[in-house]
Amino acid sequence: MATVMQKIKDIEDEMARTQKNKATAHHLGLLKAKLAKLRRELLTPTSKGGGGAGEGFDVTKSGDSRVGLVGFPSVGKSTLLNKLTGTFSEVASYEFTTLTCIPGVITYRGAKIQLLDLPGIIEGAKDGKGRGRQVISTARTCNCILIVLDAIKPITHKRLIEKELEGFGIRLNKEPPNLTFRKKDKGGINLTSTATTTHLDLDTVKAICSEYRIHNADITLRYDATADDLIDVIEGSRVYMPCIYALNKIDQITLEELEILDKLPHYCPISAHLEWNLDGLLDKIWEYLNLTRIYTKPKGMNPDYEDPVILSSKKRTVEDFCNRIHKDMLKQFKYALVWGSSAKHKPQRVGKEHELEDEDVVQIIKKV
C-alpha cells in the first residue's frame, strides 16, 4: 500500500511541476491515466484476506433513497442528523466523535430517506489516510451527497472534499461524458469528433489508451472532452450523483457574507444547532433526489394517499411500479388505469411501458 501511495504522490508532484500547454498535453494525459489506475488499486486492493470494510460501515440499505453526509470533523454533521431524524449520534465539541457509520431515516412526503452520518473526511482520505477508504466506498452507494461545510471556512473545505471524492471516482453534479468508446479487434485507434476539440488530439488519446493496453478502439467525441473525461469512460467505474452543499453555522457570519455565499450554486444555508432553514434543506434534498410518488388505487376504493410507492426518476414506468410492489405482479398484468399528469384523459388505459409522473394514481387490472 505504501508503494502505491508513494507512486501517487510522485505522479501528483510531477503534474504540479509540469506547465499546462499544447506541448505537454500528451504527457499530462499519460500521467492522469497512470494516476487513475493507481487510485483504482487503492479502492480495490488486490490482497486476499478479508480485512472487510470496517465495523459499522456495512450499513444495510433501507428506505427509498440514501443520502450521505460528508464533511470535515466538527462541522455539525451529527447535530444535523439528530435534528433531521431523531436518531442518536454522539455529539461532542471534540473532533472525531463519529467513528462508525450511523444511519437514520427521515420520512418526507411519504418517502423514507436513509441519512448516513459518515465519519469526518480528512485530507488524504482518497489515499487511504484515516478511515477514508471506508467512508468514500460507502459514499459511492448513496443517491445524493450532502457536503456539510462550516460557514466560516466553506470554500477551502469544499475544494478539499471535492478533491477527495473526485479521487475516488465520485463525480458531483456532473453528467457522464458524452463520448463513445468502443474496443475492437484490429484497426488501431480511430478518433472522430463532431465538435471542435482543444484538449484531446490523436497522440494524447493513443497515449492514454496504451497505458490501459488498449491498441484498437473507436472513439467519438461529441463535445470538447478532456483527458479526464476519456479516462473516466475507459475506467467505467465512475459514479455520477447530485450534491448539495449545506452551509452550517450561518449564525456565526454576517448578513453580507451570507449574501455572497448564497449566490453559489447547489448551496443551502442552515444552522443545525438553532434549527434554521432545515425545511429548506429537506426541500432541496427532495428536489435533488428527483423521486416520483405513485398512489395505488384498489378496485372500487379511493386512492391510498398515505403510503405512496416511491420510484426513481430514471425508472418510473408502470412495469417498474409493478416490480416495486411485487415481483410476480407482472405475470398477472393485463393493463393499468392511470389518473394524473401523465394521463391524456382521466383515467387512461395504458400498458406496462407507460411513463408515470409524480403523484399519479394507478390501478392495476389483472388477467382473469
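The values are calculated or read from the model by the stated rules, or taken from the named source; none is laboratory data. Because the structure is a prediction, the values reported are computed rather than measured. Glycine also receives a Cβ, built like all others from the backbone with ideal geometry; neighbour counts cover every protein chain displayed. Ligands, DNA and RNA are excluded from the accessible area calculation, which covers all protein heavy atoms including side chains. Shrake-Rupley method; radii C 1.70, N 1.55, O 1.52, S 1.80 Å.
Once phi is turned into ³J(HN,Hα) by the Karplus curve 6.51 cos²θ - 1.76 cosθ + 1.60 with θ = phi - 60°, what whole-Hz value does each residue of the stretch 294-309 show in order, with x for glycine and proline?
10, 9, 8, 10, x, 4, x, 10, 6, x, 8, 8, 7, 10, x, 8
Per-residue HN-Hα couplings for the stretch 196-211, Karplus 6.51 cos²θ - 1.76 cosθ + 1.60 at θ = phi - 60°, whole Hz, x for Gly and Pro?
With coefficients 6.51, -1.76 and 1.60, one gets 6, 10, 10, 9, 10, 10, 4, 4, 5, 4, 4, 5, 5, 4, 5, 4 Hz.
Longer than 25 Å from Cα to Cα, which of LYS34/LYS314; LYS83/LYS153; LYS284/LYS327 are they? Say none if no pair is. Could you put the intermediate results ahead of the total?
Details: LYS34/LYS314 34 Å; LYS83/LYS153 23 Å; LYS284/LYS327 32 Å.
Over 25 Å apart, Cα to Cα: LYS34/LYS314; LYS284/LYS327.
From the backbone phi of the stretch 243-253, what are the Karplus-calculated ³J(HN,Hα) couplings (6.51 cos²θ - 1.76 cosθ + 1.60, θ = phi - 60°) in whole Hz, Gly and Pro given as x?
Those phi angles translate into 9, 10, 9, 8, 8, 8, 6, 5, 5, 9, 10 Hz.
Tell me the per residue accessible area of the chain using a 1.4 Å probe; a whole number in Å² is fine.
Values: 19500 Å² over 368 residues.
On a per-residue basis, the chain sits at 53 Å².
Search the structure for amide H atoms under 5 Å from the amide H of ILE365, placed 1.01 Å from N in the peptide plane, and list their residues when 5 or more places away or on another chain.
Sorted by chain and number, the residues that satisfy this are LYS334, TYR335, ALA336, LEU337.
Select from the stretch 264-344 those trypsin sites (Lys or Arg not before Pro) which occupy a DSSP coil region and have at most 13 other Cβ atoms within 10 Å, ordered by residue number. Walk me through the numbers before you get to the answer.
Numbers: sites: LYS284, ARG293, LYS299, LYS314, LYS315, ARG316, ARG324, LYS327, LYS331, LYS334, LYS344; in loops: LYS299, LYS314, LYS315, ARG316, LYS327, LYS344.
The qualifying sites are LYS299, LYS314, LYS315, LYS327, LYS344.
Please report the relative contact order for the stretch 235-368, taking Cα pairs under 8 Å with a sequence separation of at least 6, and give it as a percent rounded to a whole number.
Contact order relative to length: 20 percent.
Using Cα centres only, tell me the gap between the stretch 242-276 and the stretch 163-230 in whole Å.
37 Å
Round to a whole number: what % of the accessible area of the chain belongs to carbon and sulfur, probe 1.4 Å? The partial results should precede the final answer.
Values: 9680 of 19500 Å².
Result for the chain: 50 percent of the exposed heavy-atom area is carbon or sulfur.
Please work out the Kirkwood hydrodynamic radius for the chain, using every pair of different C-alpha atoms, and report it in angstroms with one decimal place.
Values: mean 1/r = 0.0427 Å⁻¹.
Answer for the chain: a Kirkwood hydrodynamic radius of 23.4 Å.
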